[in-house]
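The values are calculated or read from the model by the stated rules, or taken from the named source; none is laboratory data. Worth saying up front: this structure is predicted, and the values here are computed from it rather than measured. Virtual Cβ from ideal backbone geometry, glycine too; neighbours counted across all protein chains shown. Areas reflect the complete protein model, heavy atoms only, side chains present, ligands, DNA and RNA absent. Shrake-Rupley method; radii C 1.70, N 1.55, O 1.52, S 1.80 Å.
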2 protein chains.
Amino acid sequence: MIGIVGGSGDFGRGLAARLERAGEEVLLGSRTPRDDLVANEEACRRGDVVFLSVPPVGVEEMARALAPLLVDTIVVSVAAPIVFRDGQPAAAPGELSLAELAARGAPDARVVAGFHTVSAKGLARADEPLQEDVLLAGDDDEAKAEVARLAELVVEGRAVDCGRLEVARWLEPLTAVILNVNRRYRANAGVVVTGLGE
Amino acid sequence: MIGIVGGSGDFGRGLAARLERAGEEVLLGSRTPRDDLVANEEACRRGDVVFLSVPPVGVEEMARALAPLLVDTIVVSVAAPIVFRDGQPAAAPGELSLAELAARGAPDARVVAGFHTVSAKGLARADEPLQEDVLLAGDDDEAKAEVARLAELVVEGRAVDCGRLEVARWLEPLTAVILNVNRRYRANAGVVVTGLGE
């Protein structure tokens with residue numbers, strides 16, 4: 001079972017639609033459960049893998065609040081430190097990545113960072129295949145492998161292992177680059193890593 | 001004429017070989033001119049476009065020293081704030097990007113940031129085509145277009161306009177991600193931006 005905390009937005013719904021089509025079971029969590037949305041707590045309790053799809057300012061607090069439900073759970077941190085300045089997308093990264101803050105908030109979770117280059121809008125167009133890779137970072141290789149498996153159900157490209165969780169510090173701001181590209185090209189850009197061989 | 005400041009390394013030599021093959025004239029600059037290397041000053045004086053291929057700690061100082069020779073010149077900042085911690089590639093970005101520091105050092109230059117995802121080793125293997133894009137950021141659209149033209153002589157992919165120079169803050173650390181990918185896959189990885197249409 002896959003849980004998605006903060007699952008009511010484009011990212012969560014698009015991810016869920018694509019994973020379900022590939023045969024996975026998904027629970028969409030929300031602070032305000034209604035219709036097909038369960039409580040975030042339930043998504044965590046029942047999820048073997050839990051995506052943390054919450055705004056950047058809320059990541060650590062949310063992880064801390066849910067920590068007792070996330071012991072030994074694989075937690076995927078997809079947030080990026082995006083801010084808008086004069087209407088333009090920018091990043092305001094702190095010393096630690098949001099994924100590291102999630103790990104600090106939920107120290108017994110197995111945190112993997114990823115999906116920062118996958119556009120929520122692109123994900124939500126669940127009938128269009130995503131011609132792109134998913135970039136992952138994390139310290140738990142087994143957790144990373146499971147997230148890689150899920151990622152490759154979602155995109156046509158592959159899951160690229162970018163190394164330890166710390167690498168999320170330099171991966172997360174890439175979302176700001178992509179958002180600026182989207183703005184310029186009126187696109188839902190993604191990223192493919194080339195040169196890795198077969 | 002294209003000048004390359006700090007042109008004696010893999011990046012400079014690989015770039016020069018690829019540009020010359022495409023019919024461009026290139027001057028490789030060095031602090032210690034010898035053989036085919038001219039002085040950095042000469043590379044700046046004669047270059048219409050000057051690549052600043054110097055270590056990150058030296059970017060602003062070098063730009064300041066060369067500033068009188070770079071008035072109205074298109075300057076390409078390719079440096080990334082890479083450091084090695086415990087032997088592992090990491091980034092230590094400051095508040096401003098290195099490209100913005102170059103612009104501060106040489107305020108009359110037309111600074112474009114780019115090529116951060118192009119591996120120096122890959123560039124140096126001048127017989128192997130580079131199946132990747134070049135990501136650019138800058139405030140001067142005309143300068144950016146000229147650097148885009150050169151970039152598309154060097155790679156098989158395209159030059160992707162990532163927006164204003166400030167975006168270099170989030171683009172430059174991507175080099176640390178790529179270096180970690182290279183380490184993990186024993187590769188010379190590059191990046192392609194997908195979803196932009198034709």
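Ratio of Rg to Rh for segment B:150-198: 1.00 [Cα atoms; Kirkwood radius as inverse mean 1/r over pairs].
With its label point defined 7 Å out from Cα along the Cα-to-Cβ axis, residue A:145 lies at 5.2 nm from the matching points of the other copies, in increasing order. What's the Kirkwood radius of the protein assembly as shown in Å, using all Cα pairs? Here the Kirkwood hydrodynamic radius works out to 21.5 Å.
Need one number: buried accessible surface between chains B and A, 1.4 Å probe, both sides summed, DNA, RNA and ligands left out, in Å² to 100. Chain pair B/A: roughly 3000 Å² of buried accessible area.
Sorted from nearest, the other copies put their residue A:127 label points 5.0 nm away, the label point being 7 Å from Cα in the direction of Cβ. Take residue A:131 and residue B:36, extend 7 Å from each Cα along the Cα→Cβ direction, and tell me the distance between the two endpoints in nm. Spacing of the two 7 Å Cα→Cβ label points: 3.7 nm.
Comparing A:159, A:91, A:113 in a Gaussian network model of chain A (Cα springs below 10 Å), the most mobile by mean-square fluctuation is A:91. For chain A, modelled as a Gaussian network with Cα springs under 10 Å, which listed residue fluctuates most, A:58, A:114, A:94? Highest fluctuation of the listed residues: A:94. The mean accessible area for residues of chain B, using a 1.4 Å probe and ignoring ligands and nucleic acids, is 42 Å² per residue. Sorted shortest first, the separations between the residue B:64 label point and its copies elsewhere in the assembly read 4.2 nm; each point sits 7 Å from Cα along the Cα-to-Cβ line. For segment A:54-173, the residue among A:131, A:153, A:81 whose Cα projects farthest onto the positive side of the dipole built from Cβ charges is A:81.
Taken over segment A:1-130, the percentage of Cα pairs per 10 Å bin, counting from 0 up to the bin with the maximum distance, is 14, 45, 33, 8, 0. Put a plus charge on the Cβ of each Lys and Arg, a minus charge on the Cβ of each Asp and Glu, and nothing anywhere else: the dipole of chain A about its Cα centre is then about 760 debye. Each Lys and Arg contributes +1 and each Asp and Glu -1, all at the Cβ; summed about the Cα centre of the protein assembly as shown, the dipole is approximately 280 debye. Within the accessible area of the protein assembly as shown, the carbon and sulfur atoms contribute 46%, probe 1.4 Å, all protein chains present.
I'd like the antiparallel share, as a percent to the nearest 5, of DSSP beta bridges with both residues in the protein assembly as shown. Close to 35 percent. For segment B:21-28, the Karplus equation 6.51 cos²θ - 1.76 cosθ + 1.60, evaluated at θ = phi - 60°, returns couplings of 4, 8, x, 8, 9, 10, 10, 8 Hz by residue, with Gly and Pro reported as x. Considering only DSSP beta bridges where both residues belong to chain A, give the percentage that are antiparallel (nearest 5). Antiparallel bridges: around 30 percent, rounded to the nearest 5. Taking θ as phi - 60° and the Karplus parameters 6.51, -1.76 and 1.60, the scalar couplings of segment B:183-195 work out to 5, 6, 9, 6, 9, 10, 6, x, 10, 10, 8, 9, x Hz in sequence order, x denoting glycine and proline. Here residue B:121 is the anchor, and the aspartates and glutamates within straight C-alpha reach of less than 17 Å, apart from those fewer than 8 places off in the same chain, are B:10, B:132, B:133, B:156.
Taken about its Cα centre, segment A:1-96 carries a charge dipole of roughly 140 debye when the Cβ of each Lys and Arg holds +1 and the Cβ of each Asp and Glu holds -1.
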